[in-house]
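The values are calculated or read from the model by the stated rules, or taken from the named source; none is laboratory data. Quick caveat, the model's predicted, so the values are computed rather than measured. All Cβ positions, glycine included, derive from the backbone under ideal geometry; neighbour counts span all protein chains shown.
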Amino acid sequence: MNVFLTGATGYVGAAVAKELLAARVEVMALVRTEDKARAVRERGMVPIVGTLEELHRHGETVRRADAVVHTAFDDARGEDTDVRATRALLAAAPRAFVYASSAYNRSPWRFALEGEVVAAGHERLATSVVRLGMVYGGLGGTMPDLFAAAEAHGTSFYMGEGRARVSAIHRDDAASLFHAIVRHQGRGIFEGVDGQPLTARALAEAIAGAVGCRGIASGAPAEFREHTCDVLERDVAVLQTRGASVGWHPRFPNVPAGIRHAYEEWKREVIGVG
């Protein structure tokens, strides 16, 4: 099997690439620069140099793939580029197409694009959408801010009264979900979450336990970016009901089960201890 992957050097896309390569899937990775081409080649992928706006140049390459996984999003160019890129990939996708969306960003354009993706499916093309929750693990996402603040202040923080619910998934579990959907040609909407939402206060308690803090408190320390505050204040409670249909079961069934592993990952990558 071979997969055409966008975003292979990004936070989620890199994990998807690692998962696919471990399963001996050939990964053709769209990258923007020669430096990134060298990096993905060293990891065992076939680099395809180009941007999301140049996908028309790579139609034949996309059509040779068994599946297309679109995890890239160009923040600088925004929604218009994502819409055009998604449509171009859909038009060329041969058998399966998986679009990485967001459970937190429910903008009208994104909701409409999800509908386009699902509606484009037919007998010979399986199309699906993965609505990712708060992805954690490694260096990306929201969790590093929470760990950094807990380390710096000896206290784990939440926002407001801590009642807003968080729907999350470990990055490795997100990658295995994408792989399962590709392998079984899943169709429709899949919630990219572990299925066990928890309150922001409960999240702070889990982090305190992993880090060894003396307690939890409400507040926004300097380590919190605007994005982090938004995640902790937004009530997003999502259940995972369809993952089992493609044979997917998360390694970490909830954040408390995965938080210590994620903290140790963070320490290894940022602080440099094991």
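In table form, for the structure just shown:
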{"item": "Count of region 121-150 residues which are in contact with a Ser or Thr (Cβ under 6 Å, 6 or more places away or on another chain), closer than 19 Å to L5 by Cα and among the small types (G, A, S)", "result": "1"}
{"item": "Total residues in region 235-253, condition surrounded by fewer than 16 Cβ atoms within 10 Å (Cβ to Cβ), within 16 Å of T199 (Cβ to Cβ) and either touching a Phe, Trp or Tyr at 6+ places or on another chain (Cβ under 7 Å) or modelled with pLDDT under 95 (or both)", "result": "1"}
{"item": "P94, sole failed condition from (1) free of Cβ contacts under 8 Å to residues at least 60 places away in the same chain; (2) within 30 Å of E265 (Cβ to Cβ); (3) part of a loop (DSSP other than H, G, I, E, B)", "result": "(2)"}
{"item": "R63 part of a helix (DSSP H, G or I) and basic (K, R)", "result": "yes"}
{"item": "Considering residues of region 1-36 that are without any contact (Cβ under 8 Å) to a residue 24 or more places away in the chain and more than 24 Å from R57 (Cβ to Cβ) only, the residue surrounded by the most Cβ atoms within 10 Å (Cβ to Cβ)", "result": "A22"}
{"item": "Some residue of region 167-181 being over 12 Å from the mean Cα position of the chain (by Cα) and either modelled with pLDDT under 95 or surrounded by fewer than 19 Cβ atoms within 10 Å (Cβ to Cβ) (or both)", "result": "no"}
{"item": "Selected residue (criterion: surrounded by the most Cβ atoms within 10 Å (Cβ to Cβ)) from residues of region 96-122 that are at pLDDT below 95 and of a type in the set (D, E, K, R)", "result": "R110"}
{"item": "Residue within region 38-50 that is modelled with pLDDT of 95 or more, buried (at least 18 other Cβ atoms within 10 Å of the Cβ) and part of a helix (DSSP H, G or I) present", "result": "yes"}
{"item": "Residues being at pLDDT below 90, closer than 21 Å to E116 by Cα and more than 18 Å from the chain's Cα centre (by Cα) - total across region 56-84", "result": "2"}
{"item": "Of residues in region 182-196 being more than 14 Å from the chain's Cα centre (by Cα) and of a type in the set (G, A, S), the one nearest to P256 (Cα to Cα)", "result": "G195"}
